[in-house]
Amino acid sequence: MPDVKWCRLSAAVALAMAVMSPAAHAHAQTQVDIVAWFARAAAERGAGLARKTKPVDARPARPGEIVVTMIKGEGKETQSPQAAAGDWVVRNRCPETGNEEILVRAATFAQRYDGPIGGPSGAAEGWLPWRPRGNPMRFVTVSDGDGAFRFTAPWGEPMVARPGDMIVQNPDSAKDTYRIARAAFACTYEVTSEPTR
């Protein structure tokens, strides 16, 4: 007959491993309406203003291209829908996050970036340096109390927000609300106004 203490210990270890596994956390995350979440968080603890200031590298996207955004130490953050003619792939200059890439629609790119501001920064792939226009974005920090949660990004793909990340929102379009990883925000944004209620 098996030792009862050993069976209980084995069961406890198995339960702890299941709860602590990343897969378990992925399934435990709550799906939220990110626009409603932002409005509630901003009302409760205030929203700040920040602007992207660090130059980026960009290249024209190939029609049909899908850009998978990978964050160093974290893995896949999101992926884009298929690129259309005139869209751009933007690469942040942020070694802390692995110089992640995102797809930016043509109209949005024209509103958010000036350039090119110099010669090729990766001529073989067509990368050129561009300067963010520094459009203000509202932001709220995901707190420990919020925990990790899932939401659908404006481009229709899932994103996961974790404590310490920033949820940013275009002041002119509440539906343009998405996550910036904590390290990416620190590396590429300048806070112009701390959160106030």
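Points worth noting:
- The test for being at pLDDT 95 or above, under 21 Å from GLU190 (Cβ atoms) and polar (S, T, N, Q) holds for THR53.
- In this structure, ASP144 does not satisfy being over 19 Å from ALA183 (Cα atoms) and acidic (Asp, Glu).
- Conditions (1) at pLDDT below 95; (2) within 18 Å of the chain's Cα centre (by Cα); (3) of a type in the set (Val, Ile, Thr): number failed by VAL4: (2)
- Tally of residues being exposed (fewer than 14 other Cβ atoms within 10 Å of the Cβ) and free of Cβ contacts under 8 Å to residues at least 60 places away in the same chain across the stretch 134-162: 2
- Any hit, the stretch 123-132, residues being of a type in the set (Phe, Trp, Tyr) and without any contact (Cβ under 8 Å) to a residue 60 or more places away in the chain: no
- PRO95 falls short on exactly one of the conditions (1) modelled with pLDDT of 95 or more; (2) outside the structural domain of VAL35 (by TED's automatic domain parsing); (3) in contact with a strand residue (DSSP E or B) (Cβ under 9 Å, 6 or more places away or on another chain), and that condition is (3).
- Scope the stretch 163-176; condition in contact (Cβ under 8 Å) with a residue 24 or more places away in the chain and within 14 Å of THR108 (Cβ to Cβ); matching residues: VAL168, ASN170, LYS175
- Any hit, the stretch 20-35, residues being at pLDDT below 95, part of a strand (DSSP E or B) and surrounded by fewer than 16 Cβ atoms within 10 Å (Cβ to Cβ): yes
- For the stretch 100-115, filtered to residues that are touching a residue at least 40 places away in the same chain (Cβ under 8 Å) and either in a loop (DSSP other than H, G, I, E, B) or in contact with a Lys or Arg (Cβ under 6 Å, 6 or more places away or on another chain) (or both), the residue that is surrounded by the most Cβ atoms within 10 Å (Cβ to Cβ) is GLU100.
The values are calculated or read from the model by the stated rules, or taken from the named source; none is laboratory data. Since we're looking at a predicted model, the values are computed, not measured. Heads up, the Cβs are rebuilt from the backbone with ideal geometry, glycines too, and the neighbour counts pull from every protein chain shown.
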